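Engineer: Sending over a structure as structure tokens; questions will come in a sec.
The values are calculated or read from the model by the stated rules, or taken from the named source; none is laboratory data. What you see is a predicted model; the values in this text were computed from it and never measured. A quick note on method: Cβ atoms are made from the backbone with ideal geometry, for glycine too, and the neighbour counts reach across all protein chains shown. Surface accessibility is based on the protein's heavy atoms, side chains included, excluding ligands, DNA and RNA. Shrake-Rupley method; radii C 1.70, N 1.55, O 1.52, S 1.80 Å.
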Amino acid sequence: MALRPARCYRDTTKRAYTRKEYVRAVPQPKVVHYVMGNTSADFPVEFHLVSKVDILVRHNALEASRIAGNKYILRECGRLGYKFHIRVYPHQILRENKMAAGAGADRISDGMRLSFGKAVGTAAKVAKGQTIISISVNPDKYKEAKEALRRCSMKLPAACKVVVVKGQDLIKD
């Protein structure tokens, strides 16, 4: 069955549901790596991708964002010219009550309102102003880092902004 639209899961008003020991068969997050690039080097310039709203970010959106940003920054900076770090982890368990599938069932209904459902995925609970992804680079590659974070934000379901955290004086705008 296809994924439900993001609008089904993106609000953060419900209580956190993270106790995996009580739930059978919670799917593993699709995020493969959380830290990429040259993890041992200390780069002088650091950018953060910061959320503008409270939102749940599904694990497949995080993975798509990671692939888009890492592929671009790897091509531009080389294998050892950057550090890419995903700062959130998808702890929140998403549940779905399987409903009618087939002809005519093109909308998501409210049958058995607030029913428990089966675990179908995980999501990261992101608060307004929280860092989602950070990239550290050398000062000559700051434009590439900003572009990589912009590409990352295109894969996320929320409005984000790119913030310079370290090395503001080294960047020539």
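Engineer: When you scan segment 58-67, do you find a residue that is farther than 14 Å from Leu156 by Cα, under 13 Å from the mean Cα position of the chain (by Cα) and open to solvent by 40 Å² or more (accessible area, probe 1.4 Å), even just one?
Structural biologist: So the first thing to find is which residues in segment 58-67 are farther than 14 Å from Leu156 by Cα, and the list is none.
No, every residue in segment 58-67 fails to be farther than 14 Å from Leu156 by Cα, under 13 Å from the mean Cα position of the chain (by Cα) and open to solvent by 40 Å² or more (accessible area, probe 1.4 Å).
Engineer: Would you please list the contacts, defined by Cβ atoms under 7 Å and residues six or more apart or on different chains, that run from a residue in segment 44-65 that is within 17 Å of Val120 (Cβ to Cβ) to a residue that is surrounded by fewer than 18 Cβ atoms within 10 Å (Cβ to Cβ) and of a type in the set (Ser, Thr, Tyr)?
Structural biologist: Taking only residues 6 or more apart or on different chains, the pairs are Leu56/Thr12.
Engineer: Can you find, within segment 116-125, the residue that is nearest to Asn38 (Cα to Cα) among those that are open to solvent by 20 Å² or more (accessible area, probe 1.4 Å) and in contact with an Asp or Glu (Cβ under 9 Å, 6 or more places away or on another chain)? Spell out how you get there, then give the answer.
Structural biologist: Initial filter on segment 116-125 (open to solvent by 20 Å² or more (accessible area, probe 1.4 Å)): 116-120, 125.
Next cut, in contact with an Asp or Glu (Cβ under 9 Å, 6 or more places away or on another chain) only: 117-120, 125.
On the way: Gly117: 42, Lys118: 39, Ala119: 35, Val120: 34, Lys125: 27 Å.
Only one residue tops the list, namely Lys125.
Engineer: Would you confirm whether or not segment 126-145 contains a residue that is among the acidic types (Asp, Glu), surrounded by 15 or more Cβ atoms within 10 Å (Cβ to Cβ) and under 19 Å from the mean Cα position of the chain (by Cα)?
Structural biologist: Initial filter on segment 126-145 (among the acidic types (Asp, Glu)): 140, 144.
Keeping just the survivors that are surrounded by 15 or more Cβ atoms within 10 Å (Cβ to Cβ) gives 144.
With the extra rule that they be under 19 Å from the mean Cα position of the chain (by Cα), the set shrinks to none.
No, that holds for no residue.
Engineer: Then there's this: Do you know which residues across segment 146-173 are open to solvent by 70 Å² or more (accessible area, probe 1.4 Å), in contact with a Leu (Cβ under 9 Å, 6 or more places away or on another chain) and assigned to a helix (DSSP H, G or I)?
Structural biologist: Scanning segment 146-173 gives a single hit, Arg150.
Engineer: Filter segment 16-37 down to the residues that are open to solvent by 30 Å² or more (accessible area, probe 1.4 Å) and either among the basic types (Lys, Arg) or under 20 Å from Ala145 (Cβ atoms) (or both) and list them by number.
Structural biologist: Arg19, Lys20, Arg24, Lys30, His33, Tyr34, Val35, Gly37
Engineer: Restrict the check to segment 70-82 and report whether at least one residue is in a helix (DSSP H, G or I), basic (Lys, Arg) and surrounded by 20 or more Cβ atoms within 10 Å (Cβ to Cβ).
Structural biologist: Taking segment 70-82 as the starting set, the residues that turn out to be in a helix (DSSP H, G or I) are 70-77.
Those left that are additionally basic (Lys, Arg): 71, 75.
From what's left, surrounded by 20 or more Cβ atoms within 10 Å (Cβ to Cβ): none.
Checking segment 70-82: not a single residue is in a helix (DSSP H, G or I), basic (Lys, Arg) and surrounded by 20 or more Cβ atoms within 10 Å (Cβ to Cβ).
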